[in-house]
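Reviewing the structure listed below.
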Amino acid sequence: MAVRIRLSRGGSKKRPYYHIVAADQRAPRDGRYIEKLGAYNPLLPQDNENRVVVDKEKVSAWLAKGAQPTERLQKLFAHLGLCEAPKMVARPKKSAPKAKAVERMKAKEEAKAAAAAAAASEQEASAE
């Protein structure tokens with residue numbers, strides 16, 4: 001049985017509130033879980049102490065047993081010092097600029113370089 005530490009959604013519509021739970025990865029998101037480990041309220045400001053309330057001993061025990069936290073929880077736990085932060089991928093290829101945009105950027109850079117060279121040659125000519 002693979003155990004995940006994940007968020008279970010509660011709260012009303014457009015007012016999310018999450019429970020941090022240890023659950024079998026095959027169980028539904030808001031369904032059966034093994035143990036409740038804490039709570040997460042994303043509506044509170046980041047510096048509020050009640051934004052993430054966690055029983056650190058229980059979380060570290062589950063991590064020691066091999067439970068895998070989700071990426072979002074891994075980031076939250078890293079702020080609390082319970083585990084290391086996940087390695088984030090810089091940018092997906094899907095969002096990279098297309099060919100025409102790359103050509104326009106190169107043309108702009110070449111125009112800037114030419115303008116800078118012209119300005120430099122003007123200064124040299126006026127200095128002589």
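The values are calculated or read from the model by the stated rules, or taken from the named source; none is laboratory data. What you are looking at is a predicted structure, and each value in this text was computed from that prediction instead of being measured. As a convention, Cβ positions derive from the backbone with ideal geometry for all residues, glycine included, and neighbour counts pool all protein chains shown.
All conditions but one from (1) of a type in the set (Gly, Ala, Ser); (2) at positive phi; (3) modelled with pLDDT under 85 apply to Gly81; the one that does not is (3). Screening Ala90 against (1) at pLDDT 90 or above; (2) not in a helix (DSSP H, G or I) leaves a single unmet condition, (1). Within region 10-50, track down each residue that is exposed (fewer than 11 other Cβ atoms within 10 Å of the Cβ), not polar (S, T, N, Q) and not in a loop (DSSP other than H, G, I, E, B). Across region 10-50, the qualifying residue is only Arg15. Residues of region 68-113 that are under 30 Å from Ile5 (Cα atoms), of a type in the set (D, E, K, R) and free of Cβ contacts under 8 Å to residues at least 24 places away in the same chain: Glu71, Lys75, Glu84, Lys87, Arg91, Lys93, Lys94.
When each of Glu57, Glu103 is tested for being part of a helix (DSSP H, G or I) and outside the structural domain of Lys13 (by TED's automatic domain parsing), the lone residue that passes is Glu103.
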